[in-house]
Amino acid sequence: MTAPAKSSASEPRVPARNLWPHGIVAAFVLFIAGTAGLIVLTAFHRPELVTADYYEQELRYQQTYDSRARAAALGAEAAVALDEAARRICVTLPPRHAALRPAGAIHLYRPAAASADRRVALAPDAEGRQELDARALAPGLWRIRVEWTVADQAYSLERQLVLPAGTR
């Protein structure tokens, strides 16, 4: 004898599993974990400002603008250049300014890392040239600002240089 065929109507039907509640809970868990991760990331991140006294520098902007205009009026007599072969930064001032032994400084700003910033006293030779060794500087963008004072007139020259990657 053959077995009677099973009737599907008499079997209890197993309901399909509903995944919506699990998806909603997972979305909330991911959102809370992402928010907590951003809070931890920002709590341990130390933002570096280009300069610590940015507010005072902004107040002196007109003086800076005037000193840049005076330096621009000098034309090619005042310049900052990079000698890539010798890996040196050459700062040139007018010889008449160099003869007066100007007071000033050369600021080397590294926008990517404020801890790499340098300040060098301005000491040009008789022809108005001063060379800085750039082998110790990290490759990449540097902002060079030269500030000097001659006969109670302030001058300011700012240039951007990109130091190529190479041997230090």
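Descriptive notes on the structure:
- Residue within region 86-97 that is under 19 Å from residue 133 (Cβ atoms) and open to solvent by 50 Å² or more (accessible area, probe 1.4 Å) present: yes
- Count of region 143-154 residues which are assigned to a strand (DSSP E or B) and in contact (Cβ under 8 Å) with a residue 40 or more places away in the chain: 8
- The criterion of at least 3 residues that are charged (D, E, K, R) is met by the following strands (runs of 3 or more DSSP E) wholly inside region 69-141: 129-133.
- Hits in region 133-152 - residues which are out of contact with any Asp or Glu (no Cβ under 8 Å at 6 or more places or on another chain) and closer than 14 Å to residue 93 by Cα: 147, 148, 149, 150
- Being within 13 Å of residue 157 (Cβ to Cβ) and of a type in the set (Asp, Glu) holds for only one residue in 84, 58, 77, and it is 77.
- When 68, 60 are checked against the criterion of being open to solvent by 80 Å² or more (accessible area, probe 1.4 Å), under 19 Å from residue 148 (Cβ atoms) and modelled with pLDDT under 85, a single residue qualifies: 60.
- Of all the criteria given as (1) among the β-branched types (Val, Ile, Thr); (2) without any contact (Cβ under 8 Å) to a residue 24 or more places away in the chain; (3) open to solvent by less than 70 Å² (accessible area, probe 1.4 Å), the one not satisfied by residue 106 is (2).
- Residue within region 115-138 that is within 23 Å of residue 54 (Cα to Cα), at pLDDT below 90 and surrounded by fewer than 12 Cβ atoms within 10 Å (Cβ to Cβ) present: yes
The values are calculated or read from the model by the stated rules, or taken from the named source; none is laboratory data. This structure is a prediction, so every number in the text was calculated from the model and none was measured. All Cβ positions, glycine included, derive from the backbone under ideal geometry; neighbour counts span all protein chains shown. Side chains included, ligands, DNA and RNA excluded: accessible areas come from the protein's heavy atoms. Shrake-Rupley method; radii C 1.70, N 1.55, O 1.52, S 1.80 Å.
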